Amino acid sequence: MSVAATSFIVFAASQVGTPGPANMALMATGARFGFRAALPFVAGVALGKQFLIWPIGFGLMELSNRAPWVFTVLKYASAAYIFWLAWKVANLRLGQGREVGTPPGFLPGLIVHPLNPKAWAMIIGGFTAFVTPGTPPLEATATIAVILLGVQILLHPLWTLAGDGVARTVAGTAAEPYLMWTLAALTVASVLFVLFAGRAV
């Protein structure tokens, strides 16, 4: 009775390191406001996933079996929110001056993962695929939580830094609108993939 921690680390890195709504939001924030100004948002995004991990680890999966419609509604409401964020990203223009506006802070970052279908799928997959049945909930949940937080602390800032670097190159150029629309399209595609994959299962 345990958690396959090594295998889960590999899984977590593959999930956290690939494009998704959270990473696209981090990249767009880094592009719009710069790496340092985006760090409170990065911290909020990293810690926000804990609001999913602990409830899921301590019984939310049981609720999903008893009232699956709740999670269906949540899934599509979350997708709608991410689509709205993608629209905002698509219409951002970095050339307007990166000093204009206020960067999202720690609190807005906290809600990104609770409203992220990819995060739900990742965490549920972690518990169902890497936790041996009968493992004490505290042990399983703490292991999943620590591993995901560690991976996020390493990889989320890299997406933000990448956005900052790209913005320095394309801000104010003809390529800028194409970049922002590409980021938005990747965000939408990542959500659609999660929704489609979940329906296929």
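The values are calculated or read from the model by the stated rules, or taken from the named source; none is laboratory data. Remember, it's a predicted structure, so these values are computed and weren't measured experimentally. Here the Cβ positions follow ideal geometry from the backbone for every residue, glycine too, while neighbour counts run over all protein chains shown.
Can you pull out the residues in segment 1-49 that are buried (at least 18 other Cβ atoms within 10 Å of the Cβ), under 17 Å from Val112 (Cα atoms) and not hydrophobic (A, V, I, L, M, F, W, C)?
Answer for segment 1-49, where residues must be buried (at least 18 other Cβ atoms within 10 Å of the Cβ), under 17 Å from Val112 (Cα atoms) and not hydrophobic (A, V, I, L, M, F, W, C): Gln15, Gly20, Pro21, Asn23, Thr29, Gly30, Gly44, Gly48, Lys49.
Could you tell me which residue of segment 1-14 is farthest from Trp120 (Cα to Cα), considering only residues that are out of contact with any Leu (no Cβ under 9 Å at 6 or more places or on another chain) and part of a helix (DSSP H, G or I)? Explain how you work it out, then say what you get.
Taking segment 1-14 first, the residues out of contact with any Leu (no Cβ under 9 Å at 6 or more places or on another chain) are 1-7, 9-11, 14.
If we keep only those that are part of a helix (DSSP H, G or I) too, we end up with 5-7, 9-11, 14.
Working: Ala5: 19, Thr6: 21, Ser7: 19, Ile9: 17, Val10: 18, Phe11: 14, Ser14: 15 Å.
Checked segment 1-14; the qualifying residue farthest from Trp120 (Cα to Cα) is Thr6.
Check Thr72, Thr18 and return the single one that is closer than 21 Å to Val188 by Cβ, at pLDDT below 85, in a loop (DSSP other than H, G, I, E, B) and not charged (D, E, K, R).
Details: Thr72 fails: in a loop (DSSP other than H, G, I, E, B).
Only one candidate passes the filter, namely Thr18.
Any idea which of Ala162, Ala197 is part of a helix (DSSP H, G or I) and modelled with pLDDT under 80?
Numbers: Ala162 fails: modelled with pLDDT under 80.
From the options Ala162, Ala197, the qualifying one is Ala197.
Could you tell me whether Thr141 is at pLDDT 80 or above, among the hydroxyl-bearing types (Ser, Thr, Tyr), touching a helix residue (DSSP H, G or I) at 6+ places or on another chain (Cβ under 6 Å) and assigned to a helix (DSSP H, G or I)? Break it down stepwise before answering.
Numbers: at pLDDT 80 or above: yes; among the hydroxyl-bearing types (Ser, Thr, Tyr): yes; touching a helix residue (DSSP H, G or I) at 6+ places or on another chain (Cβ under 6 Å): yes; assigned to a helix (DSSP H, G or I): yes.
Yes, satisfied.
Given the conditions (1) within 27 Å of Phe11 (Cα to Cα); (2) in contact (Cβ under 8 Å) with a residue 24 or more places away in the chain, report the number of the one that Glu176 does not fulfil.
Among (1) within 27 Å of Phe11 (Cα to Cα); (2) in contact (Cβ under 8 Å) with a residue 24 or more places away in the chain, Glu176 violates only (1).
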